[in-house]
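The values are calculated or read from the model by the stated rules, or taken from the named source; none is laboratory data. All figures in this text were calculated on a predicted structure; none of them were measured in a lab. Every residue, glycine among them, receives a Cβ derived from its backbone with ideal geometry; neighbour counts consider all protein chains shown.
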Amino acid sequence: MAIPYRDAFQFLADKRQEELVVTSAGNSSQMWWDVTKDADKTFYLDASMSMSTLLASGVAYGLPQAKVWAFMGDGAFIMNPAMLMVERDLNLSNLVHVLVSNRVYGGTSDLDLPNKPVTDYVAMAKSMGLERCWNFETLGALEDGFDAAFRGNDQGHSFVVLELDPMLAVDRDIEEPPMDGPEIKFRFGRYIEATYGAKVFTHQF
């Protein structure tokens, strides 16, 4: 049993308040753009190669007054699960790591991940010392557990696994975020400067 991919992202988009969002390359960036059309509060990390949550950790560390959600596909996650060691060491109470687990490489025609049937991401996280871990396999469970997982992390970093079905064929051709890297960077950075009063760019124009 798993949550339909679009339904999960639409639910989170509807629940989002002022959270900054960092997305992983591929499916999560496409779907988040499709349901939000957000060009300022989201950093779409192209070619992220397992770095989206670490980039988000830097944002959360530098802006303790902000809340940050970071999406990562499980295909990216298995490249570098040691990221959890860094996240546990930082234990940022304003960061939620959202692992989008559909058990396939979404960017390469849904090829199965190795060890697909048995990999337990929450057990991996707990083995590295993370305590605030959730696994949601149905939309109802996500609705019921949302506040605890996404809003109640004053005690430290949250690790949330969403077990999703692969994207439907009808969603395969949804639009990529229509911005290049520099535009994404400057939109996101300028939003942070305007909203939080933090200086992001050395040179001001």
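Worth a mention:
- Residues of the stretch 26-53 that turn out to be more than 17 Å from Gly181 (Cβ to Cβ), modelled with pLDDT under 95, surrounded by fewer than 23 Cβ atoms within 10 Å (Cβ to Cβ) and not hydroxyl-bearing (Ser, Thr, Tyr), as a count: 0
- Every listed requirement among (1) under 14 Å from Ala2 (Cβ atoms); (2) at pLDDT 95 or above; (3) surrounded by 11 or more Cβ atoms within 10 Å (Cβ to Cβ) is met by Phe159 save one, (1).
- In the stretch 79-104, the qualifying residues are those that are assigned to a loop (DSSP other than H, G, I, E, B) and not aliphatic (A, V, I, L, M), and the one that is nearest to Lys15 (Cα to Cα) is Asn94.
- Hits in the stretch 20-45 (condition: farther than 17 Å from His97 by Cα, assigned to a loop (DSSP other than H, G, I, E, B) and of a type in the set (A, V, I, L, M)): Ala39
- Consider the stretch 114-141 and keep the residues that are of a type in the set (A, V, I, L, M) and out of contact with any strand residue (DSSP E or B) (no Cβ under 6 Å at 6 or more places or on another chain). The one that is surrounded by the most Cβ atoms within 10 Å (Cβ to Cβ) is Met124.
- Condition met for Ala76 (in a loop (DSSP other than H, G, I, E, B) and among the hydrophobic types (A, V, I, L, M, F, W, C)): no
- Count - residues of the stretch 62-85 that are of a type in the set (A, V, I, L, M) and surrounded by fewer than 20 Cβ atoms within 10 Å (Cβ to Cβ): 6
- In the stretch 124-137, the residues that are in contact (Cβ under 8 Å) with a residue 40 or more places away in the chain and more than 23 Å from Pro4 (Cβ to Cβ) reach residues that are of a type in the set (A, V, I, L, M, F, W, C) and loosely packed, with under 15 Cβ neighbours inside 10 Å with C-beta atoms within less than 7 angstrom, at least six apart or across chains, in these pairs: Met128/Met85.
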